[in-house]
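Let me begin by presenting the structure, written as structure tokens, before commenting on it.
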Amino acid sequence: MDDAHLPLEPGLHRERRELMGTVATITLRDADATRARGAIEAALSRLHEIDARFSPYKETSEISRIGRGALTVADAHPEVAQVLAACEALRVESGGRFSAWGFRADGRLDPSGYVKGWAIEEAAIMMRAADLDDFIVDIGGDAYAAGGPEEGRGWGIGIVDPSDRSAVVAPLVVRDCGVATSGIAERGAHVIDARSGAPATEWASITVVHPSIARADAVATIGLLMGAEALQWIDRDPDAAALAVHRDGRLAWTPRMERYLAGALSTSR
């Protein structure tokens, strides 16, 4: 999703901050201004805390210190063990393709394939704790959408064309679920198969919709590593839906994705 230049509908409010090497955006439906402002600041503060702890690009982060042997997991914040345990479960589930230790070509510890979605989920928890029910928390195009912009309507989210970032290949309408995309358009073939060290190249992008944005983010990344088996593997989860873009621009999707599709599908090619 990329709504950076879209005008807001009446009754909506948006806050945007640079975070995690990208942009974090919180959009919410009209609410008590003081309560909303406090909830947004709390959510953004939580995201900054997570970034400071888990960024593999900050030398002072606990993850970086663990990666170079300057800190043990046992001595780190308890959330670190929690996240690495989730990454290990995903490693097993993916048949070894996904690994926090094999995500980067240099082999350094990097749980980013799980952390971004988990961070969004943590921010959404902060929003709900403030009794806010209609909002989107977005980091770099991955988002959790709660409620909707008006009564009875879900949030519109566009799956971006990986060959033309100004175009949308599929418009979605979602509520109370996460939408995450993994692909090679912006950073090239950067998702590494931990078994071989080779990058994933089968798909241009895979987008996953799931009630858990942490799960959606991880499954989209693993799906990219699954190659031709991706959609079949994702479809085994009864809560997951996926749409994939082939390298030549062709689209493919799982049957459950049709419940979220809200318009014509197209690519720039």
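The values are calculated or read from the model by the stated rules, or taken from the named source; none is laboratory data. Because the structure is predicted, anything quoted here is derived from the model rather than measured. Every residue, glycine as well, gets a Cβ built from its backbone with ideal geometry; the counts of neighbours run over all protein chains shown.
Remarks
- Among residues of the stretch 7-56 being of a type in the set (Ser, Thr, Tyr) and without any contact (Cβ under 8 Å) to a residue 40 or more places away in the chain, the one that is nearest to Ile125 (Cα to Cα) is Ser45.
- Residues satisfying the stated conditions in the stretch 214-269, i.e. modelled with pLDDT of 95 or more and in a loop (DSSP other than H, G, I, E, B): Arg236, Asp237, Pro238, Asp239, Ala240, Thr254, Tyr260
- When the stretch 54-71 is limited to residues that are part of a helix (DSSP H, G or I) and β-branched (Val, Ile, Thr), the one that is surrounded by the fewest Cβ atoms within 10 Å (Cβ to Cβ) turns out to be Ile66.
- Scanning the stretch 57-90 for residues that are of a type in the set (Lys, Arg) and either within 22 Å of Ala123 (Cβ to Cβ) or at pLDDT below 95 (or both) gives Lys58, Arg68.
- Any pair with Cβ under 9 angstrom, 6 or more apart, that starts in the stretch 201-222 at a residue that is touching a residue at least 24 places away in the same chain (Cβ under 8 Å) and ends at one that is part of a loop (DSSP other than H, G, I, E, B) and aromatic (Phe, Trp, Tyr): Val209/Tyr260; Ala218/Phe98; Thr221/Phe98; Thr221/Phe103; Ile222/Phe98
- Ile222 being more than 22 Å from Gly147 (Cα to Cα), touching a Lys or Arg at 6+ places or on another chain (Cβ under 8 Å) and either among the small types (Gly, Ala, Ser) or crowded, with 24+ Cβ neighbours inside 10 Å (or both): yes
- Residue match in the stretch 92-100 (condition: more than 23 Å from Gly11 (Cα to Cα), without any contact (Cβ under 8 Å) to a residue 24 or more places away in the chain and among the β-branched types (Val, Ile, Thr)): yes
- Asp51 vs. criteria part of a loop (DSSP other than H, G, I, E, B) and either modelled with pLDDT of 85 or more or surrounded by 19 or more Cβ atoms within 10 Å (Cβ to Cβ) (or both): no
- Verdict on Ser205 being surrounded by 15 or more Cβ atoms within 10 Å (Cβ to Cβ) and either outside any helix (DSSP H, G or I) or over 19 Å from the mean Cα position of the chain (by Cα) (or both): yes
- Unique residue being assigned to a loop (DSSP other than H, G, I, E, B), within 16 Å of the chain's Cα centre (by Cα) and modelled with pLDDT of 90 or more when the list is Asp138, Asp110: Asp110
- Selection status of Glu15, at pLDDT below 95, out of contact with any Cys (no Cβ under 8 Å at 6 or more places or on another chain) and among the acidic types (Asp, Glu): yes
- Of the listed requirements (1) closer than 30 Å to Asp134 by Cβ; (2) among the hydrophobic types (A, V, I, L, M, F, W, C); (3) surrounded by fewer than 13 Cβ atoms within 10 Å (Cβ to Cβ), Ala85 misses just one: (1).
- Positions within the stretch 113-133 being at pLDDT below 95 and not hydrophobic (A, V, I, L, M, F, W, C), in sequence order: Gly113, Arg128, Asp131, Asp133
- Positions within the stretch 72-103 being assigned to a helix (DSSP H, G or I) and either among the hydroxyl-bearing types (Ser, Thr, Tyr) or over 25 Å from Asp237 (Cα atoms) (or both), in sequence order: Val73, Ala74, Asp75, Pro78, Glu79, Val80, Ala81
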